Ligand SMILES: [Ca+2]
Ligand SMILES: [Ca+2]
Ligand SMILES: [Ca+2]
Ligand SMILES: [Zn+2]
């Protein structure tokens, strides 16, 4: 390892023509850090000359912090309802709300609605209507259809409930079952073991050679998605206890991968999937020979940025949904998130809660809604030790004391439950003032 680092430094020296003084200083820093680095396994000692960010691999573009104005608008409620076909929309709600409109009436009302109300919500660039506030829209729709106050209130309430379900369906997270035998899961096996320290979010704006009907990412949509992601991850940092020393940082890569996005399957997260292809198309290579490149990318970003955790967020310009990749798929904690979600009545935009929800999974949190394979009292296969061994899900919707949270509802709440806080390293099991993951004697 010593020689290896020396050679690497010498190579850098020659390539970058660093002055002798600067080089000696760098060497001193390296020597100091070598003495502090614990012994590594033989496979890590291979002298690899790849994946040095800024030399072999491009530097990620820094995330632009949204303006205060933009942050304020993100803080405001946005129901994010998208109407692509007014007839489809009215047909769905007519059935659901039992308004008893005939097909003929639906056609007529659709036209009225478009001319009198929806025209104000038209997004010229995207060619659809976008509703921000269901309370206001509900009244407008009610007056066109001639609904009474009771019917209007019921419509708005049912729409919000349905939207919450649609957002839950958008998240098709599925994780390998925890074998329920308490076993040690080393924090070093994950790129984002728990939500402490400098947390780096690497956004990978992903385009597919075989594009969806939505085409490639546009600058407007990319900025919109990144603002939501910024806000969603900011919500995590803000709720962190001071002992976690939480700081956020972020960077962006843009990449094109082959094939089409077919959703949550091994074509995405497998060894030969497009997530691995994206890492290698960006310029990373598999330097440890495990067949994956996402691990090398996450490790390189971690050492380059000095971050404690790295999460890879693959953003796709389609409506394939969002999911976190399970811990059985390599070292890199990663998630895919689409710009839109699909519903029977139309579409909706991903919200800050989507980014917050998936990131929390990657730090160890479980779903708290009625998702397949989830239950009250479940230990988290996503959490590392000691949290994995200490805690179980106490905020699942089926638990008697369950409260609203971003892992349970995720559509218009950002609240992180006590149960999730424990899984992601914000608990203090023995109540000695030191948070579990950094406590030498976490059990007391
Ligand atoms: Ca690798
Ligand atoms: Ca403690
Ligand atoms: Ca202790
Ligand atoms: Zn989830």
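Computed from the coordinates by the stated procedures, all read-outs in this text should not be read as laboratory data. Being a predicted model, the structure only gives us computed values, none of them experimental. Quick reminder, even Gly has a Cβ in these numbers, built from the backbone with ideal geometry, and neighbours come from all protein chains shown.
So how long is each side of region 114-262 along the principal axes, counting just the alpha-carbon atoms, biggest first, in Å?
62, 39, 33
Starting at 0 and stepping by 5 Å, how many percent of the alpha carbon pairs of region 192-344 end up in each bin?
Reading the bins upward from 0: 2, 9, 19, 22, 21, 15, 8, 3, 1, 0.
Could you give the angle, 0 to 90 degrees to the nearest 10, between helix 103-116's Cα long axis and the longest principal axis of the Cα atoms of the chain?
Result, in degrees: 70.
List the equivalent ellipsoid semi-axes of region 122-209 in whole Å, largest first, each obtained as the square root of 5λ for an eigenvalue λ of the Cα gyration tensor.
On the way: eigenvalues 369, 90, 33 Å².
Each semi-axis is √(5λ); the values are 43, 21, 13 Å.
Kindly provide the Kirkwood hydrodynamic radius of the chain in Å, to one decimal, from all pairs of distinct alpha carbon atoms. Could the numbers behind the result be given before it?
Numbers: mean 1/r = 0.0421 Å⁻¹.
In the chain this quantity evaluates to 23.8 Å.
Arranged by the count of other C-beta atoms within 10 angstrom, fewest first, what order do 275, 407 take? Walk me through the numbers before you get to the answer.
Numbers: 275 27, 407 30.
Going from least to most buried by this count: 275, 407.
Give the distance, in whole Å, between the Cα centre of region 283-341 and the Cα centre of region 385-444.
That distance is 24 Å.
Taking only Cα atoms and a 10 Å spring cutoff, compute GNM fluctuations for the chain and point out the largest among 410, 141, 163.
Fluctuation is largest for 141.
Take every DSSP beta bridge with both residues inside region 113-272 and express the antiparallel ones as a percent of the total, to the nearest 5.
Values: 2 of 13 bridges.
DSSP beta bridges in region 113-272 are roughly 15 percent antiparallel.
I want to verify a result. In a Gaussian network model of the chain, Cα cutoff 10 Å, which of these has the top mean-square fluctuation: 304, 426, 217?
Maximum fluctuation in the GNM of the chain, among the listed residues, is at 304.
Give me the percent of DSSP beta bridges within the chain that run antiparallel, rounded to the nearest 5. Write out the running numbers ahead of the final one.
Details: 15 of 42 bridges.
Antiparallel bridges make up about 35 percent of those DSSP assigns within the chain.
Once label points are set 7 Å from the Cα along Cα→Cβ at both residue 59 and residue 328, what is their separation, rounded to one decimal in nm?
For the pair residue 59/residue 328, the computed spacing is 4.1 nm.
Quickly rank 116-122, 377-383 as a protection proxy: mean count of other C-beta atoms within 10 Å, highest first. Let's see the in-between values first.
Values: 116-122: 14.6, 377-383: 20.9.
Highest to lowest by the protection proxy: 377-383, 116-122.
Would you mind ranking 106, 301 so that the residue whose beta carbon has the fewest other beta carbons within 10 Å leads the list? Provide the component values of the computation, followed by the final result.
On the way: 106 20, 301 25.
Least to most surrounded, the residues fall as 106, 301.
Regarding region 48-115, what's the average projected area of the Cα-atom convex hull, expressed in nm²? Each step should come with its number before you reach the end.
Values: hull surface 40.5 nm².
Mean shadow area of the hull around the Cα atoms is 10.1 nm².
Once the Cα gyration tensor of region 78-170 is diagonalised, what are the square roots of 5 times its eigenvalues, in whole Å and ordered largest first, as equivalent ellipsoid semi-axes?
Details: eigenvalues 67, 60, 33 Å².
Calculated on Cα positions only, the semi-axes equal 18, 17, 13 Å.
If you build a Gaussian network model of the chain, linking Cα atoms that sit under 10 Å apart, which residue out of 331, 89, 409 swings the most?
89
Going by alpha carbons, how many degrees (0 to 90, nearest 10) lie between the helix axis of 20-36 and the longest principal axis of the chain?
With rounding to tens, the tilt is 80 degrees.
Relative to the longest principal Cα axis of the chain, at what angle does helix 149-170 sit, 0 to 90 degrees, rounded to 10?
30 degrees
Given the rule -39500 (n - 2.57) for each run of at least 4 DSSP H residues, summed and divided by the residues of the chain, what is its mean residue ellipticity at 222 nm, to the nearest 500 deg cm²/dmol?
On the way: 14 runs with 168 residues, N = 444.
Computed mean residue ellipticity for the chain: -11500 deg cm²/dmol.
Over region 187-438, what is the mean sequence separation of C-alpha contacts under 8 Å (at least six apart), divided by residue count, expressed as relative contact order in percent? Before the final figure, lay out each step's value.
Working: 544 pairs, mean separation 54.4, N = 252.
Relative contact order comes out at 22 percent.
Given a Förster radius of 60 Å and the C-beta distance between residue 210 and residue 431 as r, what FRET efficiency does 1/(1 + (r/R0)^6) yield to the nearest 0.05? Don't jump to the answer; show the numbers that get you there.
Details: r = 54 Å, r/R0 = 0.91.
Efficiency, from the Cβ-Cβ distance: 0.65.
State, in angstrom, two size descriptors of region 344-444 derived from its alpha carbons: Rg to one decimal place and Dmax to the nearest whole number.
14.4, 53
What relative contact order, as a whole-number percentage, does the chain give when Cα pairs under 8 Å and 6 or more residues apart are counted?
Computed value for the chain: 18 percent relative contact order.
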